[in-house]
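Novice: Before anything else, here's the structure in question.
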Amino acid sequence: MADTSLWLRSGIFGLWSSATTATGCIGFQRYQGTLPYILNNQLDDRLSLLALILPASCFGLLSFPISYFLAIIFGVGHNNFDLRMVGLIFLFWLAAYVMDVLIAVSFILTVNAIVYEELILIPLLLLSGLFGYPKELIGVLQLFQWLIPISAPMKAILSGNQFNFGAGIFSLLLWGIIGWKLATVILRKAKVSGTEGMM
């Protein structure tokens, strides 16, 4: 098959799916009763949260080499792999990680995070343009590159166009700053209310 975007779409979906399990880690650690101990230590609580989410997010990077080798085995187009693509994949992973941090922080306040997970994460992936946009809405939906961090690197990966650095950096900083500030407030509130240990 000549479509060289198939293995990339698979890699993107795999990385995003794996990275978003990081948000599920909050509920799992709460279920185990270890969340209070992870967040209450000598390190900054926000750094502890970052460390909790990082392994699942990094594991998602394996989806691209797996997808690439499967493309070779099954004869799917894959000749668009180069150093530029490696850089774009790294940017996509970084964007996914930053987004997961903000989402995970908000899930600390609820014991029903797993219920809301798909309602938040799948629409974000679709709005970012994994399957493209309807022609009539392209102009409007292009704005999501400035609001959703994974959108700009995803578009560059799938289309082969230049990475929109302005949109990519702006959306990363937006989510990063909001996530960091929100983590400060929510983690403090969780300690006071005791929700970090609730089931």
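Novice: Pick from the range 159-173 the residues that are in contact with a Ser or Thr (Cβ under 9 Å, 6 or more places away or on another chain) and open to solvent by less than 40 Å² (accessible area, probe 1.4 Å): which of them is nearest to Arg84 (Cα to Cα)?
Specialist: Gly168
Novice: Which condition does Gly33 not pass, out of (1) open to solvent by less than 20 Å² (accessible area, probe 1.4 Å); (2) touching a residue at least 60 places away in the same chain (Cβ under 8 Å); (3) over 20 Å from Pro153 (Cβ atoms), if it passes all the others?
Specialist: Of the numbered conditions (1) open to solvent by less than 20 Å² (accessible area, probe 1.4 Å); (2) touching a residue at least 60 places away in the same chain (Cβ under 8 Å); (3) over 20 Å from Pro153 (Cβ atoms), the odd one out for Gly33 is (1).
Novice: Restricting attention to the range 137-168, report how many residues are assigned to a helix (DSSP H, G or I), among the β-branched types (Val, Ile, Thr) and touching a helix residue (DSSP H, G or I) at 6+ places or on another chain (Cβ under 9 Å).
Specialist: Residues in the range 137-168 being assigned to a helix (DSSP H, G or I), among the β-branched types (Val, Ile, Thr) and touching a helix residue (DSSP H, G or I) at 6+ places or on another chain (Cβ under 9 Å): 1 in total.
Novice: Has the range 120-140 got at least one residue that is among the acidic types (Asp, Glu) and either open to solvent by less than 50 Å² (accessible area, probe 1.4 Å) or at pLDDT 75 or above (or both)?
Specialist: No, because not a single residue in the range 120-140 is among the acidic types (Asp, Glu) and either open to solvent by less than 50 Å² (accessible area, probe 1.4 Å) or at pLDDT 75 or above (or both).
Novice: Kindly list the number of the only condition in (1) outside any helix (DSSP H, G or I); (2) within 22 Å of Ile120 (Cα to Cα); (3) of a type outside the set (A, V, I, L, M) that fails for Gln42.
Specialist: Of the numbered conditions (1) outside any helix (DSSP H, G or I); (2) within 22 Å of Ile120 (Cα to Cα); (3) of a type outside the set (A, V, I, L, M), the odd one out for Gln42 is (2).
Novice: Inside the range 51-69, can you point out the residues that are out of contact with any Cys (no Cβ under 7 Å at 6 or more places or on another chain) and surrounded by fewer than 20 Cβ atoms within 10 Å (Cβ to Cβ)?
Specialist: Ala51, Leu54, Pro55, Cys58, Phe59, Leu61, Leu62, Pro65, Ile66, Tyr68, Phe69
The values are calculated or read from the model by the stated rules, or taken from the named source; none is laboratory data. Bear in mind that the values here come from a model prediction, so they are computed numbers and not experimental data. Neighbour counts run over all protein chains shown; Cβ positions are idealised from the backbone, glycine included. Remember, those area values only see protein heavy atoms, side chains included, never the ligands or the DNA or RNA. Shrake-Rupley method; radii C 1.70, N 1.55, O 1.52, S 1.80 Å.
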